[in-house]
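*Asks:* So that we are looking at the same thing, I have put the structure below in structure tokens.
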Amino acid sequence: MRRASPRIRAAEPRDAPLLFRLIRELADDERLADRVVGTEGQLEQHLFGERPAAEALVAELEGEPVGFAVFFTTFSTFLTRPGLWLEDLFVRPECRRAGVGRALLEHLGRLAVERGCGRMEWSALDWNAPALGFYAELGARPVDGWVVHRLEGEALRRLGEGD
């Protein structure tokens, strides 16, 4: 029996609890559960509030939510065009290999093209060979010569206060 095609839709405020559950599942899958320190309320505020910082998609199979993507607009000074940064993409393990991840990325690719983006970018954990292989099959390539930097917590506070 053939499985239904994935349905991708824009997330709505009513999806905040679902998205937060899926984020926790993603964190467990990536062995980073202790890093989820935000709240469902913060997620709802920053995705659907007065000044949204990001957007989200929900992936469904046969009417059941099975994955999500969170993304936001970036800007390339060299291209002088916007870009799309994929912050997270997750498909429940039992639904992988059903075309859900590809459907999410295709949807994001269409949005990027429609919005005039010059690129779509994301990072992946270096140990996640299945994801890295999947991305390579799509034509995505690692960016040589660049190192991701992060400033957070106390270091961010000190910088912001000029300490």
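The values are calculated or read from the model by the stated rules, or taken from the named source; none is laboratory data. Keep in mind it's a predicted model, so treat the numbers as computed, not measured. Using ideal geometry, Cβ is built from the backbone for each residue, glycine included, and neighbour counts are taken over all protein chains shown.
*Asks:* Pick from the range 71-88 the residues that are in contact with a helix residue (DSSP H, G or I) (Cβ under 9 Å, 6 or more places away or on another chain) and of a type in the set (A, V, I, L, M, F, W, C): which of them is farthest from residue 101 (Cα to Cα)? Can you show your working first?
*Replies:* Applying the first criterion (in contact with a helix residue (DSSP H, G or I) (Cβ under 9 Å, 6 or more places away or on another chain)) to the range 71-88 yields 71, 82-84, 86, 88.
Okay, now just the ones that are also of a type in the set (A, V, I, L, M, F, W, C), so 71, 84, 86.
Values: 71: 14, 84: 17, 86: 12 Å.
Once the filter is applied, the top-ranked residue is 84.
*Asks:* Give the number of residues within the range 99-139 that are of a type in the set (S, T, N, Q) and under 23 Å from residue 80 (Cα atoms). Lay out the reasoning, then the answer.
*Replies:* Kept after step one, since they are of a type in the set (S, T, N, Q), are these residues of the range 99-139: 123, 128.
Filter once more, keeping what is under 23 Å from residue 80 (Cα atoms): 123.
Counting residues in the range 99-139 that are of a type in the set (S, T, N, Q) and under 23 Å from residue 80 (Cα atoms) gives 1.
*Asks:* Can you confirm whether the range 139-150 contains a residue that is within 16 Å of residue 55 (Cβ to Cβ) and not charged (D, E, K, R)? First the steps, then the outcome.
*Replies:* Here is the first cut: in the range 139-150, the residues within 16 Å of residue 55 (Cβ to Cβ) are none.
No, the conditions are met nowhere in the range 139-150.
*Asks:* Let me ask something else about it. Identify all residues within the range 135-163 that are assigned to a helix (DSSP H, G or I) and over 30 Å from residue 101 (Cβ atoms); write none if there are none.
*Replies:* Step one: filter the range 135-163 for residues assigned to a helix (DSSP H, G or I), giving 135-138, 153-160.
Result: 153, 154, 155, 156, 157, 158, 159, 160.
*Asks:* Ok, one more. Go through the residues of the range 39-54 one by one and say whether even a single one is β-branched (Val, Ile, Thr), more than 13 Å from the chain's Cα centre (by Cα) and assigned to a strand (DSSP E or B). Show your work before the answer.
*Replies:* Restricting attention to the range 39-54, the residues satisfying the condition of being β-branched (Val, Ile, Thr) are 39.
Filter again for more than 13 Å from the chain's Cα centre (by Cα), leaving 39.
So of that shortlist, the ones also assigned to a strand (DSSP E or B) come out as none.
No: zero hits.
*Asks:* Kindly indicate whether any position in the range 16-29 is more than 26 Å from residue 113 (Cα to Cα) and assigned to a loop (DSSP other than H, G, I, E, B).
*Replies:* Start the filter on the range 16-29 by keeping residues that are more than 26 Å from residue 113 (Cα to Cα), which leaves 16-18, 20-29.
Subsequent filtering for residues that are assigned to a loop (DSSP other than H, G, I, E, B) retains none.
Checking the range 16-29: not a single residue is more than 26 Å from residue 113 (Cα to Cα) and assigned to a loop (DSSP other than H, G, I, E, B).
*Asks:* Also, quick follow-up: Working carefully through the options 83, 101, 118, 109, find the one that is surrounded by fewer than 17 Cβ atoms within 10 Å (Cβ to Cβ), within 16 Å of the chain's Cα centre (by Cα), at pLDDT 95 or above and not acidic (Asp, Glu).
*Replies:* Values: 83 fails: surrounded by fewer than 17 Cβ atoms within 10 Å (Cβ to Cβ); 101 fails: surrounded by fewer than 17 Cβ atoms within 10 Å (Cβ to Cβ); 118 fails: within 16 Å of the chain's Cα centre (by Cα).
Matching residue, one of 83, 101, 118, 109: 109.
*Asks:* Could you check the range 14-38 and list, in sequence order, the residues that are acidic (Asp, Glu) and within 16 Å of the chain's Cα centre (by Cα)?
*Replies:* Residues of the range 14-38 acidic (Asp, Glu): 15, 25, 28-30, 34.
Answer for the range 14-38, where residues must be acidic (Asp, Glu) and within 16 Å of the chain's Cα centre (by Cα): 15, 25, 28, 29, 30.
*Asks:* Among what's in the range 1-13 and is over 14 Å from the mean Cα position of the chain (by Cα) and either part of a loop (DSSP other than H, G, I, E, B) or of a type in the set (Asp, Glu) (or both), pick the residue that is surrounded by the fewest Cβ atoms within 10 Å (Cβ to Cβ).
*Replies:* So, considering only residues that are over 14 Å from the mean Cα position of the chain (by Cα) and either part of a loop (DSSP other than H, G, I, E, B) or of a type in the set (Asp, Glu) (or both), the one surrounded by the fewest Cβ atoms within 10 Å (Cβ to Cβ) is 1.
*Asks:* Follow-up. Please tell me if residue 104 is within 24 Å of residue 31 (Cβ to Cβ) and either touching a helix residue (DSSP H, G or I) at 6+ places or on another chain (Cβ under 7 Å) or in contact (Cβ under 8 Å) with a residue 40 or more places away in the chain (or both).
*Replies:* Details: within 24 Å of residue 31 (Cβ to Cβ): yes; either touching a helix residue (DSSP H, G or I) at 6+ places or on another chain (Cβ under 7 Å) or in contact (Cβ under 8 Å) with a residue 40 or more places away in the chain (or both): yes.
It is true that residue 104 is within 24 Å of residue 31 (Cβ to Cβ) and either touching a helix residue (DSSP H, G or I) at 6+ places or on another chain (Cβ under 7 Å) or in contact (Cβ under 8 Å) with a residue 40 or more places away in the chain (or both).
*Asks:* Restricting attention to the range 86-98, which residues are over 17 Å from the mean Cα position of the chain (by Cα), in a loop (DSSP other than H, G, I, E, B) and not small (Gly, Ala, Ser)?
*Replies:* 97
*Asks:* Among the residues that make up the range 65-75, is at least one of them surrounded by fewer than 17 Cβ atoms within 10 Å (Cβ to Cβ), at pLDDT 95 or above and either of a type in the set (Lys, Arg) or part of a loop (DSSP other than H, G, I, E, B) (or both)?
*Replies:* Residues of the range 65-75 that are surrounded by fewer than 17 Cβ atoms within 10 Å (Cβ to Cβ), as a first pass: 72-75.
Filter again for at pLDDT 95 or above, leaving 72-75.
Filter again for either of a type in the set (Lys, Arg) or part of a loop (DSSP other than H, G, I, E, B) (or both), leaving none.
No, every residue in the range 65-75 fails to be surrounded by fewer than 17 Cβ atoms within 10 Å (Cβ to Cβ), at pLDDT 95 or above and either of a type in the set (Lys, Arg) or part of a loop (DSSP other than H, G, I, E, B) (or both).
*Asks:* If you don't mind, there's one more thing I want to ask. Any idea which residue in the range 121-134 is surrounded by the most Cβ atoms within 10 Å (Cβ to Cβ), counting only those that are under 17 Å from the mean Cα position of the chain (by Cα) and either of a type in the set (D, E, K, R) or outside any helix (DSSP H, G or I) (or both)?
*Replies:* It comes out as 122.
*Asks:* Related question: Scan (1) over 16 Å from residue 89 (Cα atoms); (2) touching a Lys or Arg at 6+ places or on another chain (Cβ under 6 Å) for the single condition residue 51 breaks and write down its number.
*Replies:* Condition not satisfied by residue 51: (2).
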